[in-house]
Structures are given as C-alpha cells and as structure tokens.
Amino acid sequence: MNTEKPQVPIHLKMALTIKEAAEYSNIGINRIDALLRQPNCPFVLYVGTKKLVKRKEFEQYISNKFTI
C-alpha cells in the first residue's frame with residue numbers, strides 16, 4: 001500500500017520553504033533568510049514562528065531587481 005502524499009510541484013505552490021525558494025530561484029538559503037528578515041519584506045509569510053516565502057511576490061520581487 002502506497003501511503004505517500006502526492007508532491008505538489010514547486011511552481012504551483014503558494015508558499016515555499018526557504019530551501020524550496022533557494023532551489024527555485026538559485027539564490028542561497030542564507031541570502032533568502034536575510035531578505036526575509038528585512039523590515040516590510042513583501043514576500044515573507046509567518047506561520048507561527050516558521051518563515052515561508054510567498055512564491056508570486058518573491059518572483060515579482062526578483063523580476064524588479066538588478067542585484068540582490
């Protein structure tokens with residue numbers, strides 16, 4: 001009996017873990033974590049004490065930047 005949950009592809013997820021966001025964007029985990037700690041970060045989502053990355057807002061943020 002297969003009890004594994006089906007995996008949702010990263011490009012369809014609304015919120016990503018820092019590790020997923022790093023894999024998705026090819027930006028390092030430490031750099032993403034530093035961006036999430038900035039005041040008024042437009043793509044951080046707190047779930048309790050856990051930080052997640054709002055995928056669409058993260059994509060838009062990256063699209064509007066020349067350097068990170």
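A short reminder: the numbers here are calculations on the coordinates, not readings from a lab. Because the structure is predicted, anything quoted here is derived from the model rather than measured. Quick reminder, even Gly has a Cβ in these numbers, built from the backbone with ideal geometry, and neighbours come from all protein chains shown.
Report every pair of residues separated by at least 6 positions or lying on different chains whose Cβ atoms are under 9 Å apart, first residue within region 12-34 and under 12 Å from Val44 (Cβ atoms), second aromatic (Phe, Trp, Tyr).
Between residues of region 12-34 that are under 12 Å from Val44 (Cβ atoms) and residues that are aromatic (Phe, Trp, Tyr), the close pairs are Leu16/Tyr24; Leu16/Phe58; Ala21/Phe43; Ala21/Phe58; Ile32/Phe58.
For (1) outside any helix (DSSP H, G or I); (2) among the aromatic types (Phe, Trp, Tyr), each residue gets a yes or a no:
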| residue | (1), (2) |
| --- | --- |
| Thr3 | yes, no |
| Cys41 | yes, no |
| Glu57 | no, no |
| Phe66 | yes, yes |
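Determine the pairs where a residue that is in contact (Cβ under 8 Å) with a residue 24 or more places away in the chain, located within region 45-68, has a partner that is surrounded by 14 or more Cβ atoms within 10 Å (Cβ to Cβ) and among the polar types (S, T, N, Q) with Cβ atoms under 8 Å apart, the partner being 6 or more residues away or on another chain.
Leu52/Thr17; Val53/Thr17; Phe58/Ser25; Ile62/Ser25
Just wondering, is there one or more residues in region 41-57 that are of a type in the set (Lys, Arg), in contact with a Pro (Cβ under 9 Å, 6 or more places away or on another chain) and surrounded by 10 or more Cβ atoms within 10 Å (Cβ to Cβ)?
Going through region 41-57, the residues of a type in the set (Lys, Arg) turn out to be 50-51, 54-56.
The next check asks that each one be in contact with a Pro (Cβ under 9 Å, 6 or more places away or on another chain); those that pass are 54.
So of that shortlist, the ones also surrounded by 10 or more Cβ atoms within 10 Å (Cβ to Cβ) come out as 54.
For region 41-57, residues of a type in the set (Lys, Arg), in contact with a Pro (Cβ under 9 Å, 6 or more places away or on another chain) and surrounded by 10 or more Cβ atoms within 10 Å (Cβ to Cβ): present.
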